[in-house]
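The values are calculated or read from the model by the stated rules, or taken from the named source; none is laboratory data. Every value quoted in this text rests on a predicted model; they were computed, and no experiment measured them. All Cβ positions, even for glycine, are placed from backbone atoms using ideal geometry, and neighbour counts span all protein chains on display. With ligands, DNA and RNA removed, areas are computed over all heavy atoms of the protein, side chains included. Shrake-Rupley method; radii C 1.70, N 1.55, O 1.52, S 1.80 Å.
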Amino acid sequence: MKCQYCDKPATFHITELTEPDGPQVLHLCEQHARNVLQKGEPTPVSSVAGALAKQLQLGQTKEELRKLDQKECPVCGITFFEFRNSGRLGCPLDYDHFEADLKPLLINIHDSLEHTGKRPTRAAATADSQADLIRLRKEQADLIRLRKEMEAAVEREEYERASELRDQINAIQGEPKRRGNAI
């Protein structure tokens, strides 16, 4: 579909359902969407303009978004594209790895990076609990990495290396070693 103002492909399709005479639809290219949303003119889509203007201010063009979608977590291997499609991150370290990319998203959604809601009174955060949380995140990242390495070793038929990795995983998880068919 083409932009209503030029022959470029329309990448913004805005439908306003508040008009009594039926829905108002605009099909705009990125350039005209910026112009319409930044002018502040009264248009049938004025209620949507604020949200889309925020999205356009993030400055993510197609090329930037394509590069961002290919960014991958070194621990769990999830890409930003997979996160955008599923809405879920792959491991606790993704918050650190994608931090710069998640901040604009959080600001867009919540208008803040600070939590302003209630917190449980009996679980007040202390320096020790923060250190425990960091240690736990590192352990989880190590487990994910070790499991991937173990799967790769099995695929390469390096069973001795796979058993070493399995033992490392069990040591982190605190599970006893199993030998033979002992019950």
Response to the item:
Restricted to the stretch 31-49 and to residues being open to solvent by 50 Å² or more (accessible area, probe 1.4 Å) and not in a loop (DSSP other than H, G, I, E, B), the residue modelled with the highest pLDDT is 31
Practice prompt. Could you run through the stretch 69-118 and say how many residues are more than 30 Å from residue 150 (Cβ to Cβ) and surrounded by 11 or more Cβ atoms within 10 Å (Cβ to Cβ)?
Written response: 7
Worksheet item: What is the residue count in the stretch 4-26 for residues that are at pLDDT below 85 and assigned to a strand (DSSP E or B)?
Response: 8
